[in-house]
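The values are calculated or read from the model by the stated rules, or taken from the named source; none is laboratory data. Treat the numbers as computed from the prediction; the structure is a model and nothing was measured. For neighbour counting, all protein chains shown are included, and Cβ atoms are generated from backbone atoms with ideal geometry for every residue, glycine included. Just the protein is used for accessible areas: all its heavy atoms, side chains included, with ligands, DNA and RNA removed. Shrake-Rupley method; radii C 1.70, N 1.55, O 1.52, S 1.80 Å.
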Amino acid sequence: MSAERLEAPPLVDERSRSDSLVSPLPARSDFVLDVSNFSVVYGTGEHMVRAVNDISFTLRRSAVLGVAGESGSGKSTLVYAMTRLLRAPGLISGGVVNLNTTRSGDAGEETVNLVTASEKELRKIRWSHVSIVLQSALSALNPVLRVGRDFDEVLKTHRPDMTRAQRRERAAELVSSVGLNEDRLDRFPHELSGGQRQRIMIALALALDPELVIMDEPTTALDVVTQREIMNELQDLRARFDFAMIFITHDLSLLVEIADEIVVMYAGSIVERARANELYEAPRHPYTLGLLNSFPPMHGQRRELTGIPGSPPDLADLPTGCKFHSRCPYAMTRCRDEEPPLTSLGDSERSVACWLHVGGPGVSVPVELSRDATTKDRAHANGERP
Ligand code: SF4
């Protein structure tokens, strides 16, 4: 697949990394991915659409970062652009994506900026250091090849020293690790169930022991029972193979189960970032609250699903101020004119982009937006409705 990179000057502010926006960069050997001020556009000139705006985050080794948001929030564009798999008219317009390719036992540290890496470097990095599990296994697997051929091709390309028998043995080991019998390697994709196909994709992604696996809504097309089984298997696989993961989904309640940290995206920007349990217990951004209230909880008491009113904005015609203001039940007058910056709340590794929480003239106390908050609490938070 071809990757596109825009050489033109960045379209975002070239401000340097700010510690108020991101966690401090951990010691070199502690991070697998470090993304700074990363932006992506579709098209150019007057038809240009800003799909990902100035995203920064750091993913530690063996950790799971969840990326949540509705369709069109930019979450898939973010990971495809980061790995240079985004096709035209998608263009990277600024930023740095440092991947730490150091394996345990390596003498020195090696980091590659994926934004500037050559195609040759990218070919070496993909699959060996970073791999992707796509949403639709049916369209990702070659329909005219038995799935064993996919394993064989990957291993033959990246491990030319392996014999055919060794490749078959490795493929059998991989499918066994996702709970499938070796005979599944001799089947065509259409002979497998949706869950089996997705397990094959996960096993393929792990073929070369990558440090980072990106899961793009891997369970969205599956029934809830299979979804649950695959989520449990992913936990086991992580414990065995110790890879870091970026898990993308629109179902925040699912993410809370597997992620260490979650970023919530809206209209191409991060609007909240927090440890998974903190975000689940007390979401600070009204959009996060809306997402949590859009899906039934996996555990605990049943609650009414309220959803989020309205639709995500048209990226080609974004509103002024906070991009969420037309759908936000807490919107204040300033929300229509001024865009809130993503700001660290200072009490933890949490950041939020919302005027309810960002200090400034007349606003100093972060308002707790808890899913258990009473209507009165919320009315208090909403004292300046337009
Ligand atoms: Fe709602 Fe205003 Fe916060 Fe945006 S900045 S989420 S409109 S309260």
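Of the numbered conditions (1) over 17 Å from Ser73 (Cα atoms); (2) open to solvent by 30 Å² or more (accessible area, probe 1.4 Å); (3) modelled with pLDDT under 90; (4) away from the ligand (no atom under 16 Å from the Cβ), Asp260 satisfies every one except a single condition; which is it?
Every listed condition holds for Asp260 apart from (3).
Hey, does region 200-207 have a residue that's out of contact with any strand residue (DSSP E or B) (no Cβ under 9 Å at 6 or more places or on another chain), farther than 20 Å from Ser76 by Cβ and not assigned by TED's automatic domain parsing to the domain that holds Phe57?
Initial filter on region 200-207 (out of contact with any strand residue (DSSP E or B) (no Cβ under 9 Å at 6 or more places or on another chain)): 200, 203.
If we keep only those that are farther than 20 Å from Ser76 by Cβ as well, we get 200, 203.
Still in the list and also not assigned by TED's automatic domain parsing to the domain that holds Phe57: 200, 203.
For region 200-207, residues out of contact with any strand residue (DSSP E or B) (no Cβ under 9 Å at 6 or more places or on another chain), farther than 20 Å from Ser76 by Cβ and not assigned by TED's automatic domain parsing to the domain that holds Phe57: present.
Is it the case that some residue within region 98-111 is open to solvent by less than 20 Å² (accessible area, probe 1.4 Å), within 30 Å of His47 (Cβ to Cβ) and in contact (Cβ under 8 Å) with a residue 12 or more places away in the chain? Walk me through it before giving the result.
From region 98-111, those open to solvent by less than 20 Å² (accessible area, probe 1.4 Å) are 99-102; that's our starting set.
With within 30 Å of His47 (Cβ to Cβ) added as a condition, the list becomes none.
Looking for residues that are open to solvent by less than 20 Å² (accessible area, probe 1.4 Å), within 30 Å of His47 (Cβ to Cβ) and in contact (Cβ under 8 Å) with a residue 12 or more places away in the chain, one finds none in region 98-111, hence no.
Which of the residues spanning region 178-216 are on the phi > 0 side of the Ramachandran plot and either polar (S, T, N, Q) or in contact with a Phe, Trp or Tyr (Cβ under 9 Å, 6 or more places away or on another chain) (or both)? So that I can check it myself, show each step before the final result.
Step one: of region 178-216, the residues on the phi > 0 side of the Ramachandran plot are 179, 209.
The answer is Asp209, and nothing else.
Of a type in the set (A, V, I, L, M), within 30 Å of Gly43 (Cα to Cα) and in contact (Cβ under 8 Å) with a residue 12 or more places away in the chain: which single residue out of Leu155, Leu192, Leu86 fits that description? Working first, answer last.
Details: Leu155 fails: within 30 Å of Gly43 (Cα to Cα); Leu192 fails: within 30 Å of Gly43 (Cα to Cα).
Sole residue among the options that is of a type in the set (A, V, I, L, M), within 30 Å of Gly43 (Cα to Cα) and in contact (Cβ under 8 Å) with a residue 12 or more places away in the chain: Leu86.
Go through region 72-120 and give me each residue that's at pLDDT 90 or above, part of a loop (DSSP other than H, G, I, E, B) and among the basic types (Lys, Arg).
Arg84
Please tell me if Val175 is under 27 Å from the mean Cα position of the chain (by Cα), loosely packed, with under 15 Cβ neighbours inside 10 Å and farther than 26 Å from Ala63 by Cβ.
Working: under 27 Å from the mean Cα position of the chain (by Cα): yes; loosely packed, with under 15 Cβ neighbours inside 10 Å: no; farther than 26 Å from Ala63 by Cβ: yes.
No: the conditions fail for Val175.
Scan region 167-181 and tell me whether some residue there is over 19 Å from Ser128 (Cα atoms) and in a helix (DSSP H, G or I).
Yes; the residues of region 167-181 include at least one that is over 19 Å from Ser128 (Cα atoms) and in a helix (DSSP H, G or I).
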